[in-house]
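Here is the structure we will look at, set down as structure tokens.
Coordinate-derived values only; no laboratory data. All of these numbers come straight from a predicted model, not from anything done at the bench. Note: ideal-geometry Cβ built from the backbone for every residue, glycine included; neighbour counts use all protein chains shown.
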Amino acid sequence: MNPTEPDHRSLIQGGALIQGTLIQGTLIRSLHRHLLRRRTMGQRRIFVGGSIQDPAPLRETTAGESRPNPRPDPHPVATPQAAPRAAGPVAAWPRTAAAQAPPLPPSAPQEPARTAPRTPTEAVSPSEVAAKCLSLEQLRGAVAGCQACSLGQTRTQTVFADGSAQPGGIFFVGEAPGADEDRTGVPFVGKAGQLLTDIINKGMGLRRDQVTIANVLKCRPPGNRDPLPEEKELCTPFLDRQIELVQPAVIVALGTHAAQHLLGTNAPISALRGQIHARKGLQVVPTFHPAFLLRNPERKRDCWLDIQLAMKAANLPLPGSGKPSAGPQAGEIQSS
Ligand code: SF4
């Protein structure tokens, strides 16, 4: 057979159907020519018995031969009553699935890659894991794999710390990452982070990489909601181990939630600030959160007094003095 010429099978598979009729020999060749003409005219189906036949029950037939019908008709009809149908809407040739498919919508914007596993893992206590970490890098890795609370399922990535982790320096502690931190993996970025950077650079005369910056929680609460008490309790061992490994001189607690959690009190930040508190052998200086200062710039002076107090406690030189501070004075340290 000429491979370029459609045989009866291809014609019939293209939509022509003879049902209930046994076609052989001369008749099939005659039908072949007829169908070729109809196909050239654009017709894809033929009428049998006055109706368009469904190709589903198609009996495969090739030019010049017929396959045995497993259930031959005992009363074959010599000539099919096939009337050509004028080309019309029903003559559409079946298109491929791709051609029929509606155009694809533009691809959706890609979310940032998530670094944390998204399936719940075997519950592991952060306190047990943190205690086994002998370095900050080990601790960072343990935090990155933590699924101890539900925030592990919704975070984009964990937010461990920023800065140099210098012993004897100042360790800033906020409450929890926000959207910018969740996206970048760096604490205190965005507008509030820029204000904290200004406090460090312009106020303290230091660079961000000369202090340590972290949060109580290492994962962002969805929608920036307040962290739940159990979330803070679960995550605090990571912060405690972080502080043990860094060995800062002073903790600066940024905002009400961080200060209250670290000091175990419900006292308002306005009552806690302005003093040095003791926690687990460390000095803690509470002050206002930079986000609060953005809304209440008149409190920046109080914040600056707190930062100076922290620098004195850390025996860091005050800007412009050129020499170490004299350290906190009697009465400036409060036990919590
Ligand atoms: S918030 Fe803390 S305890 Fe919860 S999953 Fe993140 S790292 Fe683990």
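Along each principal axis, taking the top coordinate minus the bottom one, the Cα set of segment 126-319 gives 41, 34, 30 Å in descending order.
Peptide packing: for 250-260, 220-230, 182-192, 153-163, the average count of neighbouring Cβ atoms within 10 Å per residue gives the ranking 250-260, 153-163, 182-192, 220-230, highest mean first.
Looking at this model, which pairs from K132/K202; K132/K312; K132/K280; K202/K232; K132/K300; K132/K191 are more than 30 angstrom apart at the alpha-carbon? Intermediate results must be reported in sequence, preceding the final value.
Working: K132/K202 38 Å; K132/K312 33 Å; K132/K280 20 Å; K202/K232 32 Å; K132/K300 40 Å; K132/K191 36 Å.
Listed pairs above 30 Å: K132/K202; K132/K312; K202/K232; K132/K300; K132/K191.
Proximity of backbone amide H atoms, modeled 1.01 Å from N, is registered between V252 and F171, F172, V173, V285 at under 5 Å, excluding neighbours fewer than 5 places apart on the same chain. Relative to its Kirkwood radius, the Cα radius of gyration of segment 242-290 gives an Rg/Rh of 0.95. Computed from phi, the 3J(HN,Hα) profile of segment 280-290 under the Karplus parametrisation 6.51, -1.76, 1.60 (θ = phi - 60°) reads 6, x, 10, 8, 10, 10, x, 8, 6, 6, x Hz, with x in place of Gly and Pro. When DSSP beta bridges are restricted to pairs lying wholly in segment 126-319, around 30% turn out antiparallel. Distant-in-sequence amide contacts of R279, defined by a placed amide H-H separation under 5 Å and a gap of 5 or more residues or a different chain, comprise V284. At a Förster distance of 45 Å, what's the computed FRET efficiency of R225 paired with W304, Cβ-Cβ distance as r, to 0.05? In this case the efficiency is close to 0.90.
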